[in-house]
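First up is the structure itself, then whatever we jot down about it.
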Amino acid sequence: MSDEYQLNIYLMDDNNVVLYTYQSGILICDSTWQSLKGVIRSYGTGVRKIMYEHIGNCANYWAGNYGAMIDDSYLSIGNNIYYSSGKTHSLAGWTIDANGGDGWMVDPNGYYITSNATDTKSQIIDL
């Protein structure tokens, strides 16, 4: 069995009403690094906030943090880049929506690591 990862991006108005959704679908994770990129164009007017969400799952349900490893995620709007990656070496600024198994962890290299069962974290960027 392989671990799983999914990226969801929600474009919202001032009242957190979702105007547009991007979902990557499930990415099967193995021992090699993989890159996932989501591009959103032609989404209309009224977007004031962006929420993006990482969902990871360790398919083997082992104890400890052995699921998908996430690094260097960021949001780019035009020439502006908003970093929200493991480079911060903490979960500060993230909302933990699901903390399955042993929960989220940031390892010494700054990678986010998911645990057994499903882990979900999200962050809202106010434009």
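Side notes on the structure shown:
- The residues of the chain expose, per residue, 58 Å² of accessible area to a 1.4 Å probe.
- Which of 97, 71, 119 is most accessible, then next, and so on - probe 1.4 Å: 97, 71, 119
- Across segment 20-37, computed HN-Hα scalar couplings (Karplus, 6.51 cos²θ - 1.76 cosθ + 1.60, θ = phi - 60°) run 7, 10, 10, 10, 6, x, 7, 9, 7, 9, 10, 7, 9, 6, 10, 10, 10, 10 Hz from first to last residue, x flagging Gly and Pro.
- Potential extension, residue 19-residue 117 segment - 0.36 nm per residue separation minus Cα distance: 32.3 nm
- For the chain, the direction-averaged projected area of the alpha-carbon convex hull comes to 7.8 nm².
- Per-residue Karplus couplings for segment 7-12, computed as 6.51 cos²θ - 1.76 cosθ + 1.60 with θ equal to phi - 60°, are listed in order as 10, 10, 10, 10, 8, 10 Hz, Gly and Pro entered as x.
The values are calculated or read from the model by the stated rules, or taken from the named source; none is laboratory data. This is a predicted model, so every value here is computed, not measured. Areas reflect the complete protein model, heavy atoms only, side chains present, ligands, DNA and RNA absent. Shrake-Rupley method; radii C 1.70, N 1.55, O 1.52, S 1.80 Å.
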